[in-house]
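Written out below as structure tokens is the structure these notes cover.
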């Protein structure tokens, strides 16, 4: 099993994009929470006390259920698709934020993923990535695309919240 050297200082371009991703994700979570609070008729202070944080997909499902209970349907947002896309972005964001980086001899940067199992079975069953980690290459363009996709989701969530606000009045 090949072990690549750990990178403890990423290039500036990577750091900027990862930092933007992390801060944009916090904004996405905030937008989802505000939407839940509005549907429940709570101000943000009471909402923070009453509503616990979920993963984004579960929060979108909660929003969908609350909209249904309020007799509200969205004309602008496919909630199932929003939840699916946010789940994908959240998983990628978590991979970048919670794993170590390694670099091969050619200078390609990878994130070392320790979650899940490899698809092929061994004689002893599925081999966990904690035992044999996966290296996921992270090109700059992929980071740019991820940040762009997240910005689009924030925008879409704001449109949805505006639509709900208008329907509740």
Step by step: first the residues of region 1-21, then only those that are assigned to a loop (DSSP other than H, G, I, E, B) and surrounded by 14 or more Cβ atoms within 10 Å (Cβ to Cβ), then the one that is modelled with the lowest pLDDT. Which residue is that? 4
Unmet criterion (only one of (1) touching a helix residue (DSSP H, G or I) at 6+ places or on another chain (Cβ under 6 Å); (2) part of a helix (DSSP H, G or I)) for residue 111: (2)
What's the total number of residues in region 53-75 that are farther than 21 Å from residue 147 by Cα and at pLDDT 95 or above? 16
Are any residues in region 63-119 in contact (Cβ under 8 Å) with a residue 60 or more places away in the chain, within 14 Å of the chain's Cα centre (by Cα) and surrounded by 14 or more Cβ atoms within 10 Å (Cβ to Cβ), and if so, which ones? 82, 85, 86, 89, 90, 93, 96
Of all residues in region 120-150, count the ones that are surrounded by 13 or more Cβ atoms within 10 Å (Cβ to Cβ) and modelled with pLDDT under 90. 7
Based on this model, can you work out whether residue 39 counts as in contact (Cβ under 8 Å) with a residue 40 or more places away in the chain, within 18 Å of the chain's Cα centre (by Cα) and surrounded by 16 or more Cβ atoms within 10 Å (Cβ to Cβ)? no
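The values are calculated or read from the model by the stated rules, or taken from the named source; none is laboratory data. All of these numbers come straight from a predicted model, not from anything done at the bench. Positions of Cβ are backbone-derived with ideal geometry, glycine not excepted, and every protein chain shown enters the neighbour counts.
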